[in-house]
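Below is one structure, written out as structure tokens, with a few remarks after it.
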Amino acid sequence: MSVFRVGLLGHGTVGSAFARLLEEHAGRIERTTGLRPELSGVLTRSRGDSFPELLERSDLIVELIGGLDPAREYVLQALRTGRHVVTANKQLLSQHGEELWEAAREHDVQLRFEGAVAGVVPVIRVLQESLAGAVIDRVHGIVNGTTNFILTEMGRTGCAFADALAEAQRLGYAEADPTDDVTGRDAAAKMAILARLAFETPVHLDQVRYEGIERIQPDDLEYARELELGLKLIGTAERIDGDGLAVGVYPAFLYPGHPLASVNGPFNAVTIESEAITEVTMSGPGAGGPQTASAVLGDVISAMIPPASTPPALERLRIVSDVRSSFYLHLEVADEPGVLAQVSQVLALQDVSVKSVVQKGMRDQARLVMVVHPVLESRFAAAMDMIAGLPIMRAPPRAIRVIEEQFG
Ligand code: HSE
């Protein structure tokens with residue numbers, strides 16, 4: 001019997017689930033590949049053999065230790081000594097991906113990372129293989145299960161952000177420190193990886209503009225329901241004017257027909273748009289130990305059978321930070337003559353065109369809720385600054401992007 005030796009780094013939620021899954025499925029994998037996978041050792045930050053010893057007795061390293069150090073050094077050493085590596089480490093790939101992919105190519109080994117983006121949803125493989133023949137225009141994703149769960153719960157029950165977050169943590173969706181989830185940084189790392197594959201351009205996490213959901217109020221979700229819009233934390237990567245690329249993460253409203261509008265709870269989904277293929281959407285569990293472990297095991301099995309590698313970055317699209325977007329605008333105003341006129345004047349000055357407007361409440365409860373047509377974000381931000389300074393405002397203005405379906 002030939003054995004395929006798997007060295008495991010990390011034994012947290014995903015690592016322990018992976019170790020269990022590997023043992024459970026070893027017989028089945030042996031029947032498929034002719035090799036029996038076995039754990040050759042487990043190394044965590046606080047226990048286990050030294051890394052060189054583990055490396056010595058492994059054919060493949062599964063890196064689930066997370067973070068940059070020592071993960072980067074371990075992965076590099078493994079690749080440079082001819083071991084395949086499977087990782088779910090989005091921070092590492094979004095900050096050091098080029099160096100790691102280069103090492104994998106140079107040493108002719110595989111670096112697989114399906115579990116790093118959207119849990120078990122097979123989006124990496126689809127971008128690298130199935131859609132390799134398509135010129136991609138745009139990628140939209142719900143790539144953070146924690147925030148999608150929180151927004152779904154706030155919308156469903158009217159509960160506060162903090163209560164929904166506590167529940168997400170209890171269910172094991174959130175990162176150990178949920179700051180990266182709620183600020184959008186976790187989703188930004190995943191979008192950097194997706195953008196790299198979709199547009200063949202190196203994208204570093206620092207080049208992704210991101211906003212989180214900490215400022216979303218329960219009444220934003222209430223208005224969303226009335227306007228028949230779904231509120232999601234959306235990641236986007238979009239080709240701009242042929243040679244530009246904008247990558248970002250922000251809360252956004254979606255019209256009901258959008259393929260991501262009905263994705264709820266901890267589910268993730270990614271929509272890939274290209275003129276040739278119109279659109280492809282994949283969805284499924286995006287977080288959780290057993291789910292991510294299943295994606296990791298899938299990568300291990302693929303690495304046991306021959307190759308797939310991430311090619312060098314072939315394009316150098318320029319990263320664009322000011323793009324056009326439609327917005328929802330929520331203004332708490334004084335209910336008196338001329339208010340709408342003042343707001344309209346400021347919007348017109350910045351070339352912002354109003355698509356729909358409703359007034360909610362009266363007197364000291366008055367609110368103007370608007371949706372505006374697509375406009376350059378810088379112009380919209382300038383209008384927001386001016387509106388914030390108007391004496392008729394009772395609170396700072398709130399704005400959330402609105403995404404419309406392109407291939408409707
Ligand atoms: N905390 C992440 C999420 C886990 O909520 O999506 C998967 O990366």
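The values are calculated or read from the model by the stated rules, or taken from the named source; none is laboratory data. Computed from a prediction, not measured in an experiment: that's the story for all the values here. Positions of Cβ are backbone-derived with ideal geometry, glycine not excepted, and every protein chain shown enters the neighbour counts.
At-a-glance table
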item	result
Lone qualifier among V86, V109 - being aliphatic (A, V, I, L, M), out of contact with any Ser or Thr (no Cβ under 6 Å at 6 or more places or on another chain) and closer than 25 Å to Q291 by Cβ	V86
Subset of the stretch 17-45 that is touching a strand residue (DSSP E or B) at 6+ places or on another chain (Cβ under 9 Å) and polar (S, T, N, Q) - its residue that is farthest from V75 (Cα to Cα)	T33
Candidates A237, A261, A276, filtered to the one that is at pLDDT below 90, away from the ligand (no atom under 15 Å from the Cβ) and hydrophobic (A, V, I, L, M, F, W, C)	A276
Tabulated pairs, the stretch 111-124, first more than 17 Å from E273 (Cα to Cα) and in a helix (DSSP H, G or I), second charged (D, E, K, R) and more than 8 Å from the ligand (Cβ to nearest atom), C-beta under 9 angstrom, 6+ apart or interchain	E114/R125; E114/D299; G115/D299
Filter result for G242 (part of a loop (DSSP other than H, G, I, E, B) and farther than 22 Å from K90 by Cβ)	yes
Candidates V300, V270, filtered to the one that is assigned to a strand (DSSP E or B) and either modelled with pLDDT of 90 or more or over 30 Å from A381 (Cβ atoms) (or both)	V270
The lone exception for F253 - which of (1) of a type outside the set (V, I, T); (2) farther than 30 Å from H25 by Cα; (3) outside the structural domain of H140 (by TED's automatic domain parsing) it fails	(3)
Residue that is surrounded by the fewest Cβ atoms within 10 Å (Cβ to Cβ), among those in the stretch 234-287 that are among the charged types (D, E, K, R) and in contact with a strand residue (DSSP E or B) (Cβ under 9 Å, 6 or more places away or on another chain)	D243
Residues within the stretch 38-50 that are surrounded by 13 or more Cβ atoms within 10 Å (Cβ to Cβ) and at pLDDT below 95, tallied	4
One residue from E99, E23, E53, E73 being surrounded by fewer than 18 Cβ atoms within 10 Å (Cβ to Cβ), under 17 Å from Q291 (Cα atoms) and free of Cβ contacts under 8 Å to residues at least 40 places away in the same chain	E23
Helices (runs of 4 or more DSSP H) within the stretch 133-207 that include 1 or more residues in contact with a strand residue (DSSP E or B) (Cβ under 7 Å, 6 or more places away or on another chain) and within 12 Å of the ligand (Cβ to nearest atom)	145-157, 185-199
Listing of helices (runs of 4 or more DSSP H) fully contained in the stretch 1-84 that carry 2 or more residues being over 15 Å from D299 (Cβ atoms) and of a type in the set (D, E)	13-33, 51-56
Condition check for A293: within 16 Å of the ligand (Cβ to nearest atom) and either outside the structural domain of H84 (by TED's automatic domain parsing) or in a loop (DSSP other than H, G, I, E, B) (or both)	yes
Residue in the stretch 147-166 that is touching a residue at least 24 places away in the same chain (Cβ under 8 Å) and either within 12 Å of the chain's Cα centre (by Cα) or within 20 Å of L245 (Cβ to Cβ) (or both) present	yes
Only one of L194, L227, L205 that is surrounded by fewer than 23 Cβ atoms within 10 Å (Cβ to Cβ), modelled with pLDDT of 95 or more and out of contact with any Pro (no Cβ under 7 Å at 6 or more places or on another chain)	L205
Those residues of the stretch 360-408 which are of a type in the set (G, A, S) and assigned by TED's automatic domain parsing to the domain that holds L329, in sequence order	G361, A366, S378, A381, A382, A383, A388, G389, A395, A399
Residue within the stretch 374-381 that is modelled with pLDDT under 90 and either under 25 Å from L231 (Cβ atoms) or in a helix (DSSP H, G or I) (or both) present	no
Residue in the stretch 310-318 that is within 16 Å of the ligand (Cβ to nearest atom), touching a Gly at 6+ places or on another chain (Cβ under 9 Å), of a type in the set (A, V, I, L, M, F, W, C) and touching a residue at least 40 places away in the same chain (Cβ under 8 Å) present	no
